[in-house]
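One structure, pasted below without further comment.
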Amino acid sequence: MSPDLLPAARLLAPTDIRELAARLGVQPSKRLGQNFVVDAGTVTRIAAMADLRPDDVVLEVGPGFGSLTLPLLASARRVVAVEVDRLLAADLPATVAARAPQFAARLEVVTADAARVGPLPGEQPTVLVANLPYNVSVPVVLHLLASVPTLRHGLVMVQAEVADRMCAPPGSRVYGVPSAKLAWFATARRAGSVRRAVFWPVPRVDSGLVELVRHSPEAAARLRDGAGQAETFAVIDAAFAQRRKTLRAALAGWAGSPAAAEAVLRSVGVDPSLRGEALSITQFAQIATAGAPGGPDNIGTS
């Protein structure tokens, strides 16, 4: 039967989720950042916005009870669901089998922490779709973009404030470490908002949707200017460690002294009196290259 002719999955309603939680003895964990989406309209909207193709393999982080998993399975060829909660991971296949048996073979569940997960089984994912715990959302996204190079785009739901930081351009008041490091891998933009009332338990803040599009190899090469990720991220971390400091002062520890930091900055055309929030990812990469052993010969230290 053509995928277009398959019956739709029976989505989870709030009462279904509470019944599943009661049967499993699951109480939402603050430690794991568990806030489950209980509104079918919201998960349908997110699945549609993910712009999935019939041949896509979706990486879903934190599927929980399967609210979003069900509509994703109806649109993609395969869903790899990474869940850290062992009870929820073990029960997810049964939920899919009961509510969308025609899609059950498309599901692969991996019980792991998404911020540390290693190589994934089978064909590698092409799209990331996730409702991410607020406390680990940026580390998870950065880890997955670094470790799953086949991901070409994504749609993630995070705390609204975090969404703003992820998408902020250089010079913005909220531009910082998340913005700069994410720009190493992808372009990020705000794709919408999600009100707190659609979650159980209801969080104290609203959420935002962030669309990610990985840079092409050509664009990545231009942005990174030959620098390595670890070296560039070390510069970013140092630049934002104390936001009020100028780059000359903030990078003193990284370069060895304020004078050495100034020499590196001037060698790549960056004003030492600027602060980290003024720099693009390309400028951070240029600083990393210039400050590395064997960098430009014209750098002085006095």
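The values are calculated or read from the model by the stated rules, or taken from the named source; none is laboratory data. These figures come from a predicted structure and were not determined experimentally. Backbone-built Cβ (ideal geometry, glycine too); neighbour counts: all protein chains shown.
Consider A261 against the criteria (1) within 26 Å of A186 (Cα to Cα); (2) out of contact with any Gly (no Cβ under 7 Å at 6 or more places or on another chain): it satisfies all of them except one. Which criterion is unmet?
Here A261 clears every test but (1).
Filter region 228-256 for residues that are among the charged types (D, E, K, R) and closer than 21 Å to L182 by Cα and give the result.
E231, D237, R243
I'm trying to understand the selection: among the residues of region 13-56, which are surrounded by 22 or more Cβ atoms within 10 Å (Cβ to Cβ) and at pLDDT 95 or above?
V43, I46, A47, A50, L52, listed by residue number.
What do you reckon, is A220 among the aliphatic types (A, V, I, L, M), surrounded by fewer than 18 Cβ atoms within 10 Å (Cβ to Cβ) and under 11 Å from the mean Cα position of the chain (by Cα)? Before the answer, list the steps.
Details: among the aliphatic types (A, V, I, L, M): yes; surrounded by fewer than 18 Cβ atoms within 10 Å (Cβ to Cβ): yes; under 11 Å from the mean Cα position of the chain (by Cα): no.
So A220 does not fit the description; no.
Out of (1) at pLDDT 95 or above; (2) over 16 Å from the mean Cα position of the chain (by Cα), what's the single condition that is false for P203?
(1)
Is region 84-102 home to any residue that is part of a strand (DSSP E or B) and touching a residue at least 12 places away in the same chain (Cβ under 8 Å)? Let's see the steps before the verdict.
Of all residues in region 84-102, those part of a strand (DSSP E or B) come to none.
Taking every residue of region 84-102 in turn, none turns out to be part of a strand (DSSP E or B) and touching a residue at least 12 places away in the same chain (Cβ under 8 Å).
Next up: If you check G208, G226, G154, which single one turns out to be within 24 Å of A285 (Cβ to Cβ) and in contact with a helix residue (DSSP H, G or I) (Cβ under 7 Å, 6 or more places away or on another chain)? Before the answer, list the steps.
Values: G208 fails: within 24 Å of A285 (Cβ to Cβ); G154 fails: in contact with a helix residue (DSSP H, G or I) (Cβ under 7 Å, 6 or more places away or on another chain).
Going through G208, G226, G154 in turn, the sole match is G226.
Yes or no, residue by residue, for (1) over 26 Å from P258 (Cβ atoms); (2) of a type in the set (V, I, T):
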position	(1), (2)
S172	yes, no
K181	no, no
F185	yes, no
R190	yes, no
S193	yes, no
P201	yes, no
D206	yes, no
I236	no, yes
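Also, I was wondering about something else. Return the residues of region 57-83 that are in a loop (DSSP other than H, G, I, E, B) and crowded, with 24+ Cβ neighbours inside 10 Å; say none if nothing qualifies. Working first, answer last.
Just the residues of region 57-83 that are in a loop (DSSP other than H, G, I, E, B), to begin with: 62-68, 76-77.
G62, P63, G64, F65, G66, S67, L68, A76, listed by residue number.
Name the pairs whose Cβ atoms lie under 6 Å apart, with the first residue in region 240-265 and touching a residue at least 60 places away in the same chain (Cβ under 8 Å), the second assigned to a helix (DSSP H, G or I), and 6 or more positions between them or separate chains?
F240/V177; F240/G276
What's the number of the only condition in (1) among the basic types (K, R); (2) in contact with a Lys or Arg (Cβ under 9 Å, 6 or more places away or on another chain); (3) over 30 Å from A160 (Cβ atoms) that R248 fails to meet?
So R248 meets the others, but not (2).
With the requirement that a residue be β-branched (V, I, T) and closer than 15 Å to H215 by Cα, what does region 142-192 give you?
Within region 142-192, V148, T150, T187 meet the criteria.
Residues being out of contact with any strand residue (DSSP E or B) (no Cβ under 8 Å at 6 or more places or on another chain), surrounded by fewer than 23 Cβ atoms within 10 Å (Cβ to Cβ) and more than 22 Å from Y134 (Cβ to Cβ): count how many of those fall in region 96-122.
9
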